[in-house]
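Visitor: Please find one structure pasted underneath; my questions will follow.
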Amino acid sequence: MRIAVLALQGDFAEHEAIFHRLNVQTCQLRQKSDLAQPFDALVLPGGESTVQGKLLRELDMFDEIRSRIQNGLPVMATCAGSILLAQQLLDDTTVHLGTMGISIRRNAYGRQLSSFHTVGKFAGIDDVPMSFIRAPQIEFCAPGVEVLAEHEGRITAVRQGNQLAMTFHPELGSDCRVAEYFIKEML
């Protein structure tokens, strides 16, 4: 098994480290030619969704990544990655990949100073560390989107078929259970 991590911007190295702890091979996607590598799943990391979306288009990676997700490639998205997957941004007219039936609001918890860390339940797993850094909020889920986690009544993780999106960062720290869920349930 090999998991590709979008490495254009953001915390891609942290995702790679989590999968390496689980003895899963990774590769980085930095340019269009990297899409020719064999891989079984994709990670869209946190960072700046506007920058990531722009680079995907400029590097001519956008259409192929979108097509692969639509054709069943398992994808795990955190924070900015979840914004890339959303079919609707409530505070922006831009839609990036738009493959997941969610509406999302960027920076819903406030600015960088409002970032926080907590633990919560994720897909039946207790005490999962959750770091919210300028985090978005999922405000609407279409039919077929399963809510996997919430924090204080706000949706923080969802799944739709082959797509897993989280508004928090499960890759910060040493807890590997979210990555294990992705591997067991979606690959």
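The values are calculated or read from the model by the stated rules, or taken from the named source; none is laboratory data. In this text the structure is predicted, and so the values were computed from the model without any measurement. Note that we place each Cβ from the backbone using ideal geometry, even for glycine, and neighbour counts take in every protein chain shown.
Visitor: Here are LEU22, LEU73, LEU85, LEU8: which of them is of a type outside the set (Asp, Glu) and without any contact (Cβ under 8 Å) to a residue 60 or more places away in the chain? Don't jump to the end; show me each part of the working.
Guide: On the way: LEU22 fails: without any contact (Cβ under 8 Å) to a residue 60 or more places away in the chain; LEU73 fails: without any contact (Cβ under 8 Å) to a residue 60 or more places away in the chain; LEU85 fails: without any contact (Cβ under 8 Å) to a residue 60 or more places away in the chain.
Being of a type outside the set (Asp, Glu) and without any contact (Cβ under 8 Å) to a residue 60 or more places away in the chain holds for just one of LEU22, LEU73, LEU85, LEU8, which is LEU8.
Visitor: Moving on to the next point. Please pick out the residue among ARG68, ARG30 that is closer than 22 Å to ARG159 by Cβ and among the basic types (Lys, Arg).
Guide: Details: ARG30 fails: closer than 22 Å to ARG159 by Cβ.
Just one listed residue meets the conditions, ARG68.
Visitor: Among all residue pairs at least 6 apart or on different chains, which show Cβ distances below 8 Å where the first residue, located in the range 102-113, is at negative phi and β-branched (Val, Ile, Thr) and the second is outside any strand (DSSP E or B) and surrounded by 18 or more Cβ atoms within 10 Å (Cβ to Cβ)?
Guide: Note: pairs meeting the criteria are ILE102/SER82; ILE102/LEU85; ILE102/VAL145; ILE104/SER82; ILE104/ILE83; ILE104/PRO136; ILE104/THR167.
Visitor: Just the residues that are assigned to a helix (DSSP H, G or I) and touching a residue at least 24 places away in the same chain (Cβ under 8 Å), please, taken from the range 169-187. Outline the logic, then answer.
Guide: Looking only at the range 169-187, we keep the residues that are assigned to a helix (DSSP H, G or I), and these are 177-186.
ARG177, VAL178, ALA179, GLU180, TYR181, PHE182, ILE183, GLU185, MET186, listed by residue number.
Visitor: Mind counting the residues in the range 22-64 that are in contact with a Gly (Cβ under 9 Å, 6 or more places away or on another chain) and not in a helix (DSSP H, G or I)?
Guide: Let us first name the residues in the range 22-64 that are in contact with a Gly (Cβ under 9 Å, 6 or more places away or on another chain), namely 43-49, 51-52, 62.
Filter again for not in a helix (DSSP H, G or I), leaving 43-48.
So the answer is 6.
Visitor: Can I ask one more? For LEU113, all conditions in the list (1) under 28 Å from VAL24 (Cα atoms); (2) modelled with pLDDT under 95; (3) not in a loop (DSSP other than H, G, I, E, B) hold save one; what is the number of the exception?
Guide: Single failed check for LEU113: (1).
Visitor: Being without any contact (Cβ under 8 Å) to a residue 24 or more places away in the chain, acidic (Asp, Glu) and surrounded by 13 or more Cβ atoms within 10 Å (Cβ to Cβ): is that true of GLU48 here? So that I can check it myself, show each step before the final result.
Guide: Values: without any contact (Cβ under 8 Å) to a residue 24 or more places away in the chain: no; acidic (Asp, Glu): yes; surrounded by 13 or more Cβ atoms within 10 Å (Cβ to Cβ): yes.
Here the answer is no, as GLU48 does not meet what is asked.
Visitor: Please determine, by comparing only the residues of the range 75-110 that are among the hydroxyl-bearing types (Ser, Thr, Tyr) and at pLDDT 95 or above, which one is nearest to the chain's Cα centre (by Cα). It would help to see each step written out before you state the result.
Guide: First, the residues of the range 75-110 that are among the hydroxyl-bearing types (Ser, Thr, Tyr): 78, 82, 93-94, 99, 103, 109.
If we keep only those that are at pLDDT 95 or above too, we end up with 78, 82, 99, 103.
Details: THR78: 3, SER82: 5, THR99: 12, SER103: 14 Å.
Among residues in the range 75-110 that are among the hydroxyl-bearing types (Ser, Thr, Tyr) and at pLDDT 95 or above, the one nearest to the chain's Cα centre (by Cα) is THR78.
Visitor: While we're looking at this one, here's another question. Which fully enclosed strands (runs of 3 or more DSSP E) of the range 120-168 have 3 or more residues being touching a helix residue (DSSP H, G or I) at 6+ places or on another chain (Cβ under 7 Å) and either modelled with pLDDT of 95 or more or surrounded by fewer than 20 Cβ atoms within 10 Å (Cβ to Cβ) (or both)?
Guide: 163-166
Visitor: State which residue pairs qualify: first residue closer than 16 Å to ARG105 by Cα and inside the range 143-157, second residue of a type in the set (Phe, Trp, Tyr) in any location, beta carbons under 6 Å apart, and separation of 6 or more residues or different chains.
Guide: THR156/PHE168; ALA157/PHE122
Residues checked against (1) touching a Pro at 6+ places or on another chain (Cβ under 9 Å); (2) under 24 Å from SER103 (Cβ atoms):
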{"site": "ILE133", "(1), (2)": "no, yes"}
{"site": "THR156", "(1), (2)": "no, yes"}
{"site": "GLN163", "(1), (2)": "yes, yes"}
{"site": "ASP175", "(1), (2)": "yes, no"}
